[in-house]
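*Asks:* Sending over a structure as structure tokens; questions will come in a sec.
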Amino acid sequence: MSILPIVTWPDPRLSQVCEPVRDPATLTDLVQDMFDTMYNAPGRGLAAPQVGVMQRVFVMDPTWKDGDRTPYVCINPEIVISGDTVAKNTEACLSIPGVSADVIRPTEITLAYTDLDGTRQETWLTGFAATCAQHELDHLNGIVIFDRLSPEVRAALETEYAALT
Ligand code: NI
């Protein structure tokens with residue numbers, strides 16, 4: 001078990017597009033460390049670039065803070081269907097500690113991803129799980145919550161964040 005250091009904004013690695021994973025089996029140790037780091041933070045999602053690994057993998061557990069663990073390992077994830085309904089939810093990010101932002105996203109998605117065994121999966125996600133998966137997938141494309149805001153809201157939040165660091 002290892003707790004990895006979490007990369008924080010404005011580290012340039014948070015703005016870079018990650019590389020596809022070729023061999024999921026090579027990620028076993030990294031994924032374990034990412035779960036350890038996420039649960040320790042404590043958080044409900046963590047993407048590889050947040051621990052300085054520029055590969056397309058994230059972990060999430062949307063339910064553990066409410067009781068039961070439902071860990072997901074999502075390698076080379078893609079949104080294959082986005083619902084038509086959107087909602088605004090308050091999101092936090094382990095890489096931008098101390099601030100939160102209201103982000104508008106589809107409330108339902110179908111996520112395709114490869115698991116650690118190398119099996120391609122397709123899962124329909126709703127509610128917080130859908131929000132979390134979209135947030136983590138954004139990280140793999142170099143997008144953080146600041147990038148999902150209007151220029152005015154972003155500027156205010158960046159000022160608030162800068163005052164904390
Ligand atoms: Ni984040």
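*Asks:* Within the stretch 64-103, track down each residue that is open to solvent by 20 Å² or more (accessible area, probe 1.4 Å), more than 16 Å from the ligand (Cβ to nearest atom) and part of a strand (DSSP E or B).
*Replies:* Of everything in the stretch 64-103, those that are open to solvent by 20 Å² or more (accessible area, probe 1.4 Å), more than 16 Å from the ligand (Cβ to nearest atom) and part of a strand (DSSP E or B) turn out to be Val73, Asn76, Glu78, Ile79, Val80, Ile81, Ser82, Val86, Ala87, Lys88.
*Asks:* Show the residue pairs that are 6+ apart or on different chains and have beta-carbon atoms under 7 Å apart, the first residue being within the stretch 140-165 and within 16 Å of the ligand (Cβ to nearest atom), the second being among the basic types (Lys, Arg) and open to solvent by 30 Å² or more (accessible area, probe 1.4 Å).
*Replies:* Listed pairs, sorted by first residue: Leu140/Arg56; Phe146/Arg154.
*Asks:* Among the residues in the stretch 14-34, are any open to solvent by 80 Å² or more (accessible area, probe 1.4 Å), away from the ligand (no atom under 16 Å from the Cβ) and closer than 24 Å to Pro97 by Cα?
*Replies:* Among the residues of the stretch 14-34, at least one is open to solvent by 80 Å² or more (accessible area, probe 1.4 Å), away from the ligand (no atom under 16 Å from the Cβ) and closer than 24 Å to Pro97 by Cα, which makes the answer yes.
*Asks:* Continuing with the same structure: Search the stretch 104-129 for residues being aromatic (Phe, Trp, Tyr) and closer than 18 Å to Arg44 by Cβ, and hand back the single one that is surrounded by the most Cβ atoms within 10 Å (Cβ to Cβ). If you could, list the steps in order and put the result at the bottom.
*Replies:* Residues of the stretch 104-129 aromatic (Phe, Trp, Tyr): 113, 124, 128.
Now narrow it down to the ones that are closer than 18 Å to Arg44 by Cβ: 113, 128.
Numbers: Tyr113: 23, Phe128: 17.
This residue is Tyr113.
*Asks:* Condition first: in contact (Cβ under 8 Å) with a residue 40 or more places away in the chain and under 22 Å from Arg148 (Cβ atoms). Can you find one or more residues in the stretch 22-36 that meet it?
*Replies:* no
*Asks:* Also, quick follow-up: Out of curiosity, is Pro49 more than 16 Å from the ligand (Cβ to nearest atom), open to solvent by less than 40 Å² (accessible area, probe 1.4 Å) and not aliphatic (A, V, I, L, M)?
*Replies:* Values: more than 16 Å from the ligand (Cβ to nearest atom): no; open to solvent by less than 40 Å² (accessible area, probe 1.4 Å): yes; not aliphatic (A, V, I, L, M): yes.
So Pro49 does not fit the description; no.
*Asks:* When the stretch 60-92 is examined, which residues are found to be touching a residue at least 60 places away in the same chain (Cβ under 8 Å) and of a type in the set (A, V, I, L, M, F, W, C)?
*Replies:* The answer is Met60, Cys74.
*Asks:* Could I ask something else about it? Looking at the structure I just gave you, is Thr119 more than 16 Å from the ligand (Cβ to nearest atom), in contact (Cβ under 8 Å) with a residue 24 or more places away in the chain and more than 20 Å from Cys18 (Cβ to Cβ)?
*Replies:* Taking the combined requirement at face value, the residue does not satisfy it.
The values are calculated or read from the model by the stated rules, or taken from the named source; none is laboratory data. The structure displayed is predicted, hence computed values, not measured ones. Here the Cβ is made from the backbone with ideal geometry for all residues, glycine too, and neighbour counts use every protein chain on show. These area figures cover heavy atoms from the full protein model, side chains too; ligands, DNA and RNA do not enter into them. Shrake-Rupley method; radii C 1.70, N 1.55, O 1.52, S 1.80 Å.
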